[in-house]
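The values are calculated or read from the model by the stated rules, or taken from the named source; none is laboratory data. All values reported here derive from a predicted model rather than from experimental measurement. Please note: Cβ atoms are built from the backbone with ideal geometry, for glycine as well, and neighbour counts cover all protein chains shown. Remember, those area values only see protein heavy atoms, side chains included, never the ligands or the DNA or RNA. Shrake-Rupley method; radii C 1.70, N 1.55, O 1.52, S 1.80 Å.
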Amino acid sequence: MRMRFLLFCALLPAALSVRAVDLSFPGRDPSLAWDGQGRLHAVWVEESGGTNRVMYRRLDDPAAKPVPVTPPGVGTSAHGEVPPILEALADGTLVVAYPVPIPGKWQNEVRIQRSTDGGARWSPPAPLEAGGERGSHNELAATVTPGGTLVLAWLDKRGEDRGLRVARSRDGVRFEADRTLDAKTCECCGNDVLAGNRGEVWIAFRDASEGVRDFAVAASRDEGATFAAPRPLSRDGWKVEGCPHTGARLALGKTGGLWAAWFTGAEPGIYVAHSKDGVSFGPRQRVAAPGEAMPAVAHPEIGALPDGRIAVLYEAVRKDGTRDVEVRFRPENGPWSAPKVLASGAVYPRLAVREDQAVVAFTRKQGNGTEVAVRVIP
C-alpha cells in the first residue's frame with residue numbers, strides 16, 4: 001500500500017478545553033473513537049518485521065504508549081480507504097475489527113478483538129463469522145448506537161458478486177441479524193455506517209446495477225435489527241468498468257437531518273446532499289470539481305462541527321501528482337465558504353466528532369517511512 005503519514009487536528013472554539021496533545025509515532029491508516037468519558041482512542045497500522053500489525057493508543061493522555069493489538073505474525077490488509085475499525089461500547093469496552101488476507105486474489109476475512117481495560121490488553125483475534133457459510137470480507141465499517149448496539153457492515157463475496165452484509169452485537173462477541181442487504185455492489189469502495197439519536201442506523205454504499213456505480217443508503221429504525229430496502233442517494237448515472245476506490249460518508253447535522261458526501265465520475269466532482277427525514281435526499285450540490293490546476297478530487301469526508309457548521313473535506317490532486325486536503329464550511333442553512341488547504345501532501349481525511357470537539361485525521365508520506373503525528377489547532 002502507499003506510504004502514509006497521519007496528521008490529526010482538533011477544530012475547537014478557543015474557550016473549550018483541549019484533550020488531545022501534540023505527539024507523533026510510526027504508523028499509517030488510523031481510525032478514531034471517542035468513548036463516553038470523553039477519552040480519544042486510536043488504532044492504526046504499523047509495519048513491523050515484515051508484518052502489518054494493528055496498534056492502539058490513547059491520544060488524550062500524554063503518558064500513554066502504543067500497545068500492539070494483533071499478536072505477532074497476524075497481519076492486516078487494512079488500508080487508507082478502509083482502515084482498521086475502532087468502536088467504544090457503552091460500558092467502555094473497546095472493539096477493533098480489521099481484515100486479514102486469506103488464500104485467493106483480494107480475499108480477506110475479518111478478525112475482531114476486544115479490550116475491557118482501556119486498551120492495555122486485547123483478546124485473541126476471533127472471526128466475525130464463527131461457522132456456517134462464510135465469504136470473503138472487504139470494506140468493513142461500523143457504528144455504535146446510543147442504545148449500545150454495535151452495527152457492522154461489510155462487502156461479502158459468496159458467489160460471483162460482492163454484496164452488502166450487516167450484523168449487530170451488544171458485546172462485540174455474539175453477533176445477530178447477520179444478513180445480506182444488497183446482493184450486488186461495487187467491489188472496492190468503502191462503506192459508511194452512521195447511528196442516529198433515536199435508534200436509526202444508515203449504511204451508505206456504492207451500488208452496482210447494469211454497469212451504473214451510484215450510491216445507495218439502507219436505513220434502519222430499530223438499531224439495525226431490520227432494514228428497509230436500500231434507496232438511491234443520488235441518481236448520478238456513472239457507468240464505469242473498474243473500481244473507483246472512493247466511498248460515501250455520512251453525518252448528522254446539529255439540528256437534525258442527514259448529510260452525505262461522495263465522489264462521482266458523472267460530471268466529476270465531490271457532491272453533498274441533505275435529507276430532512278433520513279429517507280430521501282434533496283438535490284446534490286457540487287463542492288469540488290476537477291480543473292486545470294486540480295485534475296482530480298477524491299475521498300470526501302463530512303461532519304457537523306461543535307458550532308453547527310458543516311465541514312466537507314476531500315483530496316485535491318495537483319498537476320504534479322501531489323495531494324492536498326481541502327476543506328469547505330457552511331452553516332446548516334447558509335452558503336459554502338471558499339475552499340481552503342487544510343493539509344499539504346495529505347490524503348484520506350477523517351473526522352471524529354463529539355459534543356465539544358471535532359478531530360480530523362490526515363495521512364501522507366513522510367521521508368522513507370510513515371509517521372503518526374497529532375497536532376491540536378484551537
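Taking residues in the stretch 264-279 that are in contact (Cβ under 8 Å) with a residue 60 or more places away in the chain, and partners anywhere that are surrounded by fewer than 16 Cβ atoms within 10 Å (Cβ to Cβ) and in a strand (DSSP E or B), the pairs with Cβ atoms closer than 9 Å and at least 6 places apart or on different chains are Val279/Arg231. Arg284 meets each of the listed conditions (1) without any contact (Cβ under 8 Å) to a residue 40 or more places away in the chain; (2) basic (Lys, Arg); (3) surrounded by 13 or more Cβ atoms within 10 Å (Cβ to Cβ) apart from (1). Of the residues screened, Arg350 is not one that is in contact with a strand residue (DSSP E or B) (Cβ under 7 Å, 6 or more places away or on another chain), farther than 24 Å from Val45 by Cβ and of a type outside the set (Asp, Glu).
One residue stands out in the stretch 21-43 among those that are polar (S, T, N, Q) and surrounded by fewer than 19 Cβ atoms within 10 Å (Cβ to Cβ): the one that is nearest to Gly367 (Cα to Cα), namely Ser24. Residues that are within 16 Å of Thr143 (Cβ to Cβ), out of contact with any helix residue (DSSP H, G or I) (no Cβ under 9 Å at 6 or more places or on another chain) and open to solvent by 10 Å² or more (accessible area, probe 1.4 Å) occur at least once in the stretch 180-187.
Within the stretch 94-105, the residues that satisfy the criterion of being surrounded by fewer than 19 Cβ atoms within 10 Å (Cβ to Cβ) and not aliphatic (A, V, I, L, M) are Pro101, Pro103, Gly104, Lys105.
A single entry from Arg174, Arg111, Arg121 fulfils the requirement of being surrounded by 19 or more Cβ atoms within 10 Å (Cβ to Cβ) and of a type in the set (D, E, K, R): Arg111. Cβ-Cβ contacts under 7 Å between residues 6 or more apart (or on different chains), taken from a first residue in the stretch 323-337 that is more than 13 Å from Pro300 (Cα to Cα) to a second residue that is open to solvent by 30 Å² or more (accessible area, probe 1.4 Å) and not in a loop (DSSP other than H, G, I, E, B), are listed as Trp336/Arg328; Ser337/Arg328; Ser337/Phe329. Listed by position, the strands (runs of 3 or more DSSP E) contained in the stretch 293-373 that have at least 1 residues being modelled with pLDDT of 95 or more are 296-304, 310-317, 323-330. Step by step: first the residues of the stretch 221-243, then only those that are surrounded by fewer than 19 Cβ atoms within 10 Å (Cβ to Cβ) and on the phi > 0 side of the Ramachandran plot, then the one that is nearest to the chain's Cα centre (by Cα). Which residue is that? Residue satisfying both the conditions and the ranking: Gly242. Taken over the stretch 307-320, the criterion of being out of contact with any Leu (no Cβ under 7 Å at 6 or more places or on another chain) and open to solvent by less than 50 Å² (accessible area, probe 1.4 Å) is satisfied by Gly308, Ile310, Val312, Tyr314, Glu315, Ala316, Val317. Where strands (runs of 3 or more DSSP E) sit wholly within the stretch 1-47, those with at least 2 residues that are at pLDDT below 50 occupy 6-11.
For the stretch 249-269, filtered to residues that are over 13 Å from the mean Cα position of the chain (by Cα) and farther than 15 Å from Ala298 by Cα, the residue that is surrounded by the most Cβ atoms within 10 Å (Cβ to Cβ) is Leu258. In the stretch 136-159, the residues that are under 22 Å from Gly199 (Cβ atoms) form Cβ pairs under 6 Å with partners that are in a loop (DSSP other than H, G, I, E, B) and open to solvent by 20 Å² or more (accessible area, probe 1.4 Å), at six or more places apart or across chains, as follows: Thr145/Glu223; Gly147/Glu223; Gly148/Ala90; Thr149/Glu223. When restricted to residues that are open to solvent by less than 50 Å² (accessible area, probe 1.4 Å) and within 20 Å of the chain's Cα centre (by Cα), the stretch 44-65 contains 10. Checked against (1) polar (S, T, N, Q); (2) touching a residue at least 40 places away in the same chain (Cβ under 8 Å); (3) more than 24 Å from His299 (Cβ to Cβ); (4) buried (at least 19 other Cβ atoms within 10 Å of the Cβ), Thr246 passes all but condition (3).
Of all the residues in the stretch 66-91, those that are touching a residue at least 60 places away in the same chain (Cβ under 8 Å), open to solvent by 30 Å² or more (accessible area, probe 1.4 Å) and among the charged types (D, E, K, R) number 1.
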